[in-house]
Amino acid sequence: MKTYLPQIERRILVRPNQTFGILNFDIDNAYPQRMLELVAASPTAKDCWNKRAKFIAGVGFEEAKLGKQIINSKGLTLAKLLKAVATDKALFTGFGIHVNYNANFKICTVNYVKFEDIRMGDTDNVDTADKYAVYNDWGRKTWKHISRSKVIFFDRYNPDPEVIKQQVSAAGGWEQYKGQLFYFNPQIDDYPLIEADSVWEDFETEAGIKAFNNREVTTGFLPSTMLFMPARREEADNSGGVGESNNSPSQLEKDLGTFQGAKSAQKIIVIEYEDEKSKPEFQPYSIQNNDKLFESTERSVEARIIKGFSVPKELVNPEKSSGLSNGGEKKEAIREFNDNTAPDRAEITEVLEELFSHYHKPLNPSGNWNIVPVPANVAEDSIGVKAGSAINQLLLAQLPAESKIATLIHAYGFKQAEAKAMVQGLI
């Protein structure tokens, strides 16, 4: 028996591309590029992406000097590499790192590769199986056609000297060898969806609301109006070619065009007419009031995007959350998001540890590749600063200790033991 669910569709279609010997990343081979454009057009999605990237990268490595280590001839440091792969992982859930070897089969150079530029080789193609294709314009934003000669294939990462020997021999020597690509992908022989793929339609919706608001502003919030006027008689225009008519706009049409817009909303337009029959008639027509509808849609879309990225709402819209005066809710949100992104940091740590264990010189003798999470510190928040100043004034005030403790508990949300310890610490 077969089961068919017509309401459920695959988010991406992965099919072989015989022209380039790769597996297409969706039907147009441009899923990552489309998602990047949608995220860029959605303020909430862009903010959530940045928040995830920040928390995945944390505040850097536990080994303070590790981030300053340079890992290629272009000056790329480990700190910059960490930030780059964290940014890709925050959205695409994967990342790519290119490595090349010296004659001793040790990694001598490491480069970051944009995740959206990577395509998997076709497993049924003998020439491209176990390889990855890298090209910087799969979405055809710069060129209409993909240049086959500019698509670079890299071997799959494998530090085994015997494997490297075979790859070097197949490439025609060390001078022709292009190295290997470590492609971190949470899927197995498939492309991953972006972190918030389940709500990408909401990215588009929010972008549409933004465009609507901009259109309202640029037209000066003018009501929808129909203009009735006598039909214009086409006049001869000797400057045109044979058979061409003069369809240039009248002066009235030009004046009405300049009359619209946010900067022209207060202007006065004067219209002259010869008789009542030629008098233009402006007739407004009512349309549905979209203000409340757009407002509720915007709130629901924003909430779904935040949920899609699994970001605590207190970190995206702190002004809309209730928030304790001492920043307690934000601190808890930071702890929660640190827990949420802990697996991402662990995966990056494991990858870097693996790659640099084969590096030609020791970069990290301690072997500690751990990433420090974002500290739960809201001292830089304006709310936190104001609360801290007010609490200090309260503690220094000439009030009974019981009154200070009660104020700390009921006004600032401290627990009984915390408030008592703060007050007794100044006695």
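Tabulated data for the structure shown
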read-out: Segments 93-101, 175-183 sorted - mean Cβ within 10 Å per residue, highest first; value: 93-101, 175-183
read-out: Separation in nanometres of the label points that stand 7 Å from Cα toward Cβ, at Glu354 and Asp28; value: 3.3 nm
read-out: Projected label distance in nm at Lys114 and Glu62, using a 7 Å step from Cα toward the beta-carbon; value: 3.5 nm
read-out: Prolate/oblate/rounded call for region 1-152, Cα gyration tensor, a/c under 1.5 rounded; value: oblate
read-out: Label-point separation, Ile409 to Asn317 (7 Å along Cα→Cβ), nm; value: 3.4 nm
read-out: Extension gain (nm, one decimal) between Ala303 and Lys144, 0.36 nm per residue minus Cα-Cα; value: 53.5 nm
read-out: Two-site FRET efficiency, Lys210 against Ile188, from Cβ-Cβ distance with R₀ of 45 Å, rounded to 0.05; value: 0.75
read-out: Theoretical gain in end-to-end length, Gln176 to Leu363 [0.36 nm per residue, Cα-Cα removed]; value: 64.6 nm
read-out: Contour minus Cα-Cα distance for Asp130 and Val151 (0.36 nm per residue); value: 6.0 nm
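Quick note: the coordinates plus some simple rules give every number you see, no bench work behind them. These numbers were taken from a predicted model, which means no experiment stands behind them. Virtual Cβ from ideal backbone geometry, glycine too; neighbours counted across all protein chains shown.
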